[in-house]
Amino acid sequence: MKREYKIAGFGGQGILFLGQVLAYAGMQSGLESCWIPSYGPEMRGGTANCQVVLSDRRVRSPLVYNPDVALIFNKPSLERFSPDVKPGGIVVLVSDLIDTSPGRSDIAVYAVPAKSLADAAGEPATLNMVVAGALLAVDPLLRREDVEAAIWKVTPPHRQRMVAVNLRALDQGVDWVRAHPAEGTTGAENAANAAGAVGVVGMAKGAR
Amino acid sequence: MERTFMKGNEAIGEAAIRAGCRLYFGYPITPQNELLEYMAAHLPEAGGVFLQSESELAGISMLYGAVAAGKRAMISSSSPGISLMQEGLSFLASAELPGVIVNITRGGPGLGRITPAQSDYLQATKGGGHGDYNLIVLAPSSVQEMADLTTLAFELADKYRNPAMLLGDGIIGQMMETVTLPPAMDQGESKPWAATGCEGRERNLILSAPYTDQELMELNMRLQAKYARIKAAEQRAECEQMEDAEYGIVAFGISARLALAAVDDLRADGVKVGLIRPITLWPFPENAFRAYPKVRGYLVVEMNEGQMVQDVRLTVSDMVNGRVPGAAPTIRFLGHGGGYVPTATEIRERVMELARLLREAVGASEAVGAVRTASASGSVPAEGGRRTA
């Protein structure tokens, strides 16, 4: 078993933090785990991405070229990384920051209005955790308790106040996806359905 | 044993503290700064001294002093900083002092950039400083090995009274991975040769320069005898799926991780390929190659313009020159300097190319052989006006 993730967006959106949470949660659940940040100027506003590999044996390549899962936080990242997602893979995108879709019928796309949800909760910085929650709802590999433990671990000691806030945002993401089952379809269904790609565009718009 | 999740650079720091390192010197440079930060934060907690030196030259000289006093000590930097330390490394080797030096390589030459690279192989293994000396050079390919080989570097440095270098790269330094940390140990065995204050005993002298011509000759002979012992006892390599391999990939550090992914893919396609991953770059693990004389071709993969491949060629040419009967592998190279990272796909394609090349070579030599056999029996038909004698 191996699961490869690419997480990409702007600096300041919590991209690297989210990657570390997934990687640490993987370790908590007994898997081998690896996280690599992208190089470059990743201060607020620049592009940021990271890659995570979880595996039940020693991780071979820590570099991810064809992810099983892509978590996408802005349009340039969608354009750059969604073509590389493995057929049958998963894309979770922040629909209220991205006005296009991957345009692929062989992957499952979940367009989640994570920014609106985080803003509405009064915690704009938690949109990364809303996306993590959405992933939890659609990919059973990681358990919520392991992700919770990971959030405790990855949050620096002086910011532990944010743990509860982050956990609420995580559950917001889970709940939203469960309440909107039609917003994402499985890769198999999508591939079988010629209208799948069109449906995805509709989802992204409908979620705004 | 304690399983955790750490950055490669931090794993070096924690392993060093647990290995009894209580003196650390360094000067900031990316991509090894997490190590400097880790030591600044945690070495004082362990009762040690973190000292940011005013320059790399000062830092390596501080290391000389610290290890001359019998302490376990370490310095770290990245490529341009390591260049500045070369004089000190030669002096440490000459004085037979056991410091640990960490080079988290960046792309060069010159100031270069922080992109990942493996272009300091030759500098690390062939000197860099002046004179006939060798560092023990260890090449981690995972965060786990960043920790394990740090421990080993301290042990080997003490055992042989020789400086040991950990040669990593920016990717392993920056990435986080699951790691089982080694248990804490003491500072190693006491060092009767160390300059610790001579009250009640004869004075210990630690010299990097002998007083006479004769002594310089003796020093060189002593060093070479020691290097021969290290070569005989300390070669380390990881060999994956080499038992039945027709082709071998040779790669160290992060390149070996990508090569291993390529091995998996190629094996799934039925290609008999394996990986030799040198862990000790010096001594180069020649024995690993000698163990597989049936390998027909090697692909050497590096993030440089072809450095370790020189050692592979030397090793193989020794084998071909009669020491290992029957061995005559073809060697190909894949790599670039300046921030290039090979992909598993690229490695896979180059192995397939090598396999094709060797198949064609065998085909050609069999055809030649067939003609020769036929000629000898005198049965080749006279075509195109050619007759056999």
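Take the residues in region A:77-105 that are polar (S, T, N, Q) and buried (at least 19 other Cβ atoms within 10 Å of the Cβ); name whichever of them is nearest to A:Q13 (Cα to Cα). Break it down stepwise before answering.
Pass one, region A:77-105, residues polar (S, T, N, Q): A:77, A:82, A:95, A:100-101, A:105.
If we keep only those that are buried (at least 19 other Cβ atoms within 10 Å of the Cβ) as well, we get A:77, A:82, A:95, A:101, A:105.
Values: A:S77: 13, A:S82: 19, A:S95: 14, A:S101: 20, A:S105: 28 Å.
Applying the filter and picking the extreme gives A:S77.
Select the strands (runs of 3 or more DSSP E) contained entirely in region A:23-141, then report the ones holding at least 2 residues which are touching a residue at least 40 places away in the same chain (Cβ under 8 Å).
On the way: elements: A:32-37, A:47-55, A:69-72, A:90-94, A:108-112.
Qualifying strands (runs of 3 or more DSSP E): A:47-55, A:69-72, A:90-94, A:108-112.
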Practice task
Could you identify the single residue in B:M221, B:M175 that is modelled with pLDDT of 95 or more and either over 30 Å from B:A256 (Cα atoms) or outside the structural domain of B:T115 (by TED's automatic domain parsing) (or both)?
Solution key: B:M221
Exercise for the section: Looking for whichever is of a type outside the set (D, E), modelled with pLDDT of 95 or more and farther than 20 Å from A:L136 by Cβ here; the options are A:P76, A:P87. Which one fits? Expected result: A:P87
Exercise for the section: Would you mind stating whether A:V59 is under 17 Å from A:L141 (Cα atoms) and within 14 Å of chain B (Cβ to nearest Cβ)? Expected result: yes
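Can we say B:L358 is of a type in the set (A, V, I, L, M), touching a Leu at 6+ places or on another chain (Cβ under 6 Å) and at pLDDT 90 or above?
Values: of a type in the set (A, V, I, L, M): yes; touching a Leu at 6+ places or on another chain (Cβ under 6 Å): no; at pLDDT 90 or above: yes.
Spelling it out, it is not the case that B:L358 is of a type in the set (A, V, I, L, M), touching a Leu at 6+ places or on another chain (Cβ under 6 Å) and at pLDDT 90 or above.
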Exercise for the section: Could you list all residues from region B:254-270 that are within 12 Å of chain A (Cβ to nearest Cβ), touching a residue at least 60 places away in the same chain (Cβ under 8 Å) and not basic (K, R)? Expected result: B:I254, B:S255, B:A256, B:L258, B:A259, B:A261, B:A262, B:D265
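Residues that are of a type outside the set (A, V, I, L, M) and over 16 Å from the mean Cα position of the chain (by Cα): find the strands (runs of 3 or more DSSP E) completely inside region B:220-328 holding 2 or more of those. Outline the logic, then answer.
On the way: elements: B:237-240, B:247-250, B:273-278, B:280-282, B:297-302.
Of the strands (runs of 3 or more DSSP E) lying wholly inside region B:220-328, those with at least 2 residues that are of a type outside the set (A, V, I, L, M) and over 16 Å from the mean Cα position of the chain (by Cα) span B:247-250, B:297-302.
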Practice task
Kindly establish whether B:R296 is touching a residue at least 40 places away in the same chain (Cβ under 8 Å), of a type in the set (K, R) and more than 14 Å from chain A (Cβ to nearest Cβ).
Solution key: yes
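Applying the selection to region B:145-186, what residues are within 14 Å of another protein chain (Cβ to nearest Cβ) and either surrounded by fewer than 20 Cβ atoms within 10 Å (Cβ to Cβ) or without any contact (Cβ under 8 Å) to a residue 12 or more places away in the chain (or both)?
Going residue by residue through region B:145-186, those that are within 14 Å of another protein chain (Cβ to nearest Cβ) are B:145-146, B:148, B:168-181.
B:T180, B:L181 - these are the residues of region B:145-186 that are within 14 Å of another protein chain (Cβ to nearest Cβ) and either surrounded by fewer than 20 Cβ atoms within 10 Å (Cβ to Cβ) or without any contact (Cβ under 8 Å) to a residue 12 or more places away in the chain (or both).
The values are calculated or read from the model by the stated rules, or taken from the named source; none is laboratory data. Everything numeric in this text was worked out from a predicted model, so none of it was measured. A quick note on method: Cβ atoms are made from the backbone with ideal geometry, for glycine too, and the neighbour counts reach across all protein chains shown.
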